[in-house]
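Okay, structure first, notes after.
The values are calculated or read from the model by the stated rules, or taken from the named source; none is laboratory data. Because the structure is a prediction, the values reported are computed rather than measured. So basically every Cβ, Gly included, is an ideal-geometry build from the backbone, and we count neighbours across all protein chains shown.
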Amino acid sequence: MVTDNEQARQSDVIAQLQGFQDELIARRLPAWLKRLNPEHFALLGEALQAGLAARYQLSAIFSRVQDIDRFAERQLAGRLQLTTPVD
């Protein structure tokens, strides 16, 4: 059983670790991002979400596009009437 004292100590350790991570991330942010006001920061978040959604949609679409090597091999084999695969 975890006592209140142990739980409070664990919470303090977690808070310290999160603070360290936050500071590390904040130091690596570009200057323009640090200067954003909350309204622009929210717009940036929305734009990132929209970009990610578009990326997933494009990934699904492009996954149906045939690999160029396979496409070329089939086209050449059909045109040249080869019976063995082209390397």
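Taking every residue in the stretch 50-72 that is in a helix (DSSP H, G or I) and pairing it with any residue that is not aromatic (F, W, Y), at least 6 positions away or on another chain, the pairs with Cβ-Cβ distances below 8 Å are A72/V86. Of all residues assigned to the stretch 45-59, none qualifies as being modelled with pLDDT of 90 or more and over 17 Å from the mean Cα position of the chain (by Cα).
What do you reckon, is Q18 surrounded by 10 or more Cβ atoms within 10 Å (Cβ to Cβ) and polar (S, T, N, Q)? Against the criterion (surrounded by 10 or more Cβ atoms within 10 Å (Cβ to Cβ) and polar (S, T, N, Q)), Q18 qualifies. Here the condition is being without any contact (Cβ under 8 Å) to a residue 12 or more places away in the chain and either out of contact with any helix residue (DSSP H, G or I) (no Cβ under 9 Å at 6 or more places or on another chain) or loosely packed, with under 10 Cβ neighbours inside 10 Å (or both); of L29, L44, it holds for L29 alone.
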